[in-house]
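Just below is one structure, and these are the notes that go with it.
The values are calculated or read from the model by the stated rules, or taken from the named source; none is laboratory data. Everything quoted here is computed from the prediction, not taken from an experiment. Counting neighbours? That spans all protein chains shown, and the Cβs are built from the backbone with ideal geometry, glycine included.
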Amino acid sequence: MNTLRLAFLYGVFFSRILSAENTELGSTIPDLKIKLLDGSTTTIHTLVEEGPLMIDFWATWCVPCKKVMKYLDQYHHDYEEQGFKVLMINQDTPRSLSKVKSYVRAQDYQFFVGLDPNKTIARKLNGMVMPTLILVDKGGKVKWRHQGFIPGEEVEINNQIKLLLE
Amino acid sequence: MKKILLFFMACSLLMASDLDMNAAINASYGNSYDFYTFSENRLDMNFFYNDLQGWIQYEYSNPPDVGFPLNDIRKFRVEYMAENFLFKLGDIYEFWGRGLLLNQFDDQVTNFDNGTRGLYLEYNRGPLSLSHINGNSNMWGMGADLRVPFFNNIHSMTANRLHYDWNSLSFGLTHLQSNEEHDKMSGPSAKVNHKLKGIYGSWLAGNADLFVEYVDKVSTEKISLFGTIPNDSLKTGHGIYGNLNLYLGNWGLSTEYKRYAFDAAHGDLTANDYGNQIEYQQTPTLGKEHNSTLLGRLTHNYNFNDERGVQVELNGSLLGLSVSAQYAHLSRNENWQSVTSYDWEERAFDSYLPSSDNSALPYWENYQEISGYTLNDRLYFKLGRGTNKEILKTTRYLHDGTQMDRSINAFWAYDTTDTVLFGTEYQIIDSAEVFDTSFSDPYNVESKLWQQSKAFTIPMEVNYIFDNGYTFGIGFQYQERKKVNKSMGNSTGYSAGDSAWTMFNPDDYSETYNTTTTQLSNSDGSVDTQYNRLIYVSISKAPKWSFTITHDWTNAYDASTPIDPYYNPLEALIYGDLKYFTGDRDNIDPPSFIQNRWVSFELAYNVTSSQRLSVMYGSIQGGLFCSNGICRLIPPFNDGLKISYSASF
């Protein structure tokens, strides 16, 4: 019975994927509330009002996350005039939470940094693997997802952003 | 309930046009030479429909890497948001303050889950927020088996929070009460009530921010089945945590202080030691979260019931490179001195800072790292340096004791006629002891025996990106580690028979000894220094694949030397052992050059941008593995295959 239940769930899952117009599903990202590093609060839909948004999940102890951050901050700056933003959602637990702001300030990163210490947002957006990149268009539709970072992938990330901005 | 929920979600998914969803699959399979087999499949689905959100996690694991086999819905939650209200039903994970009272998370890697199955209600009005949780938690702890949990603690809990934001200031009042059925090592479980009250506050400014939290805890134990007898007050304690960050330009200084004293009784850190810190309290540790394998294995065994400490970390940029320097010093809350071999007395510190006295089991770590991109962003490098020193245990610790000798005059009368039974050792027929009441002058006694470990580690990594999209990377980690028993003083220990400290030289009390004995060994005997070396070489082609070969080597162990059970072709290939491929090598009796080494490769392939397949073959050394501050001992994985697939949509 349990096996049938699992098969049913997988069946529903894959039928949904196959019936979608593209592999990204094109679903609308939920309007989640996010606490930012500066103490203020915003929502994802607020951030996508002016243009596309790249969401990335990271932690201070995640080396691939740190490698890609430099490029994401660059893209945040390069495409700022077109309304593009980067939101880095941090998953450091209380063990290392105190060092997040110190690290971001030290690198002089200008992108938005959200805090998600008990992975509530990561769970809802399937960002449990770090880094996970989610590119959302101005209307809030998910256009591209990517897990992990291999050096050189920054080119693909840049291409996806440019594709969306065209 | 679960079937209804499943049916509801599946039907909604198929029929509702304005329902948004996302999903993720994580599947992994492993099998090794020594029967380390696991098969885990998890499907996470999130549903969003206007103000309604749903999450369901289905797991089919038989058996999982760690935990119990499961073929059912593992987690679920439904959330509804109205104008001022947030309502959650199902598996609740909340995080208040910095976790001194409540920090819930589900870490499947270490099999730690302190979530509550119940309801959550939140009311928001302007800067004011009120939260309430009510439900049950079923928490499991590991026993002797490294993969199957043994101890089960069941909590029925209620928690409340009042949070208020006022400009750059925030305040919170928290409360948690739990009735716990605590699994002991043997016998019936203990019924314990925990009451926690907390307060926290934070202040955010342009160049500084501050956070302070205090929690008070009282636990009582129900010892009578009848309600007429009051419950025993079991343990009381408190915890304080403070964090001050300062920023200047591109530099940030993070300072932290902790003092956790949830158990003044200083228990034995087994399941029989209860009533102190509970699983909901996942507090800051004040240790560095390392991403280097060798430094990760040195993680300090944090004591959340009796430990204080400071941590300072400086982060900055220098010539476009990222620079970081960290220092931490932790210790118990009191110094201790041996009165006898089994009796200890505590001595309070003069300050609020941690102690450096060995009897307080101090721990020091410092780590420096420089990393960044150079050569037009083609070369990434990371170079670190870490040192750790820890007093692991003290067996005896008397450092400023005094004692006096007294002489005993004994008079014996012997029966010299009885030589049949006693030979030349004549039978005593009368005796008398006369104590000399004039004692000797008091003299100093010092007797110390403790175990300590000390390590020095250098992790480094370099990646170079070529024009054609290929990346070559190499990483190397080097570690020197000593683990010794140290003893010193002018006394070799306490004699229970004489009720006195035994002097090293009975004729000269000023004569001292100072010995160091290594606790590391291998198949050849004792080893003074453990050398660990880990090297990994990777080749990748973005955005499709990456291939990594890892070689881990050591020369000594804390416990008995493990036996490498099988010689595999990957090891033969790495060492260029032609005999293996020509069939001249006995695979069951591996050659000496492969002993104490673990070789593995991993191929990761991005099927699409959101689907990743990974294949690992080889051996992985077991040992301490830490994630999210939770550590567990993982068994070695010998000559096996691991396949994992992850996808998110």
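Observations on the structure shown:
- Qualifying residue in segment B:1-19 (condition: at pLDDT 85 or above, surrounded by fewer than 21 Cβ atoms within 10 Å (Cβ to Cβ) and under 26 Å from B:GLN611 (Cα atoms)): no
- Set side by side, the residues B:PHE48, B:PHE87 differ, and just one is farther than 27 Å from B:TYR200 by Cβ and of a type in the set (Phe, Trp, Tyr), which is B:PHE48.
- Only listed residue being within 19 Å of B:GLN452 (Cα to Cα), modelled with pLDDT under 90 and away from chain A (no Cβ under 12 Å), chosen from B:HIS329, B:HIS399: B:HIS399
- Looking only at residues in segment A:97-130 that are among the charged types (D, E, K, R) and assigned to a loop (DSSP other than H, G, I, E, B), the one that is farthest from B:SER322 (Cα to Cα) is A:LYS119.
- In segment B:493-508, the residues that are of a type outside the set (Ser, Thr, Tyr), part of a loop (DSSP other than H, G, I, E, B) and within 42 Å of the chain's Cα centre (by Cα): B:ALA496, B:GLY497, B:ASP498, B:PHE504
- Yes/no for B:GLY618 being at pLDDT 85 or above and buried (at least 18 other Cβ atoms within 10 Å of the Cβ): yes
- Subset of segment A:73-114 (residues that are at the interface with chain B (Cβ under 10 Å from one of its Cβ atoms), touching a residue at least 24 places away in the same chain (Cβ under 8 Å) and either over 13 Å from A:THR60 (Cβ atoms) or not acidic (Asp, Glu) (or both)): A:GLN91, A:THR93, A:SER96, A:LYS99, A:VAL100, A:LYS101, A:TYR103, A:VAL104, A:GLN107
- Within the option set B:SER371, B:SER359, B:SER341, B:SER355, being within 14 Å of chain A (Cβ to nearest Cβ) and of a type in the set (Gly, Ala, Ser) holds for one residue only, B:SER371.
Residue-wise test of (1) surrounded by 13 or more Cβ atoms within 10 Å (Cβ to Cβ); (2) of a type in the set (Asp, Glu).
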| residue | (1), (2) |
| --- | --- |
| B:SER331 | yes, no |
| B:ASN335 | yes, no |
| B:TYR342 | no, no |
| B:ASP350 | no, yes |
| B:TRP364 | yes, no |
| B:TYR373 | yes, no |
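- Only listed residue being under 19 Å from B:ALA360 (Cα atoms), more than 12 Å from chain A (Cβ to nearest Cβ) and at pLDDT 90 or above, chosen from B:ALA265, B:ALA261: B:ALA261
- The residues on offer are B:THR529, B:THR561, B:THR516, B:THR548, and the sole one that is surrounded by 17 or more Cβ atoms within 10 Å (Cβ to Cβ) and of a type in the set (Val, Ile, Thr) is B:THR548.
- When the criteria are applied in full, B:LEU100 meets the requirement of being facing chain A (nearest Cβ under 10 Å), at pLDDT 95 or above and either in contact with a Ser or Thr (Cβ under 7 Å, 6 or more places away or on another chain) or surrounded by fewer than 17 Cβ atoms within 10 Å (Cβ to Cβ) (or both).
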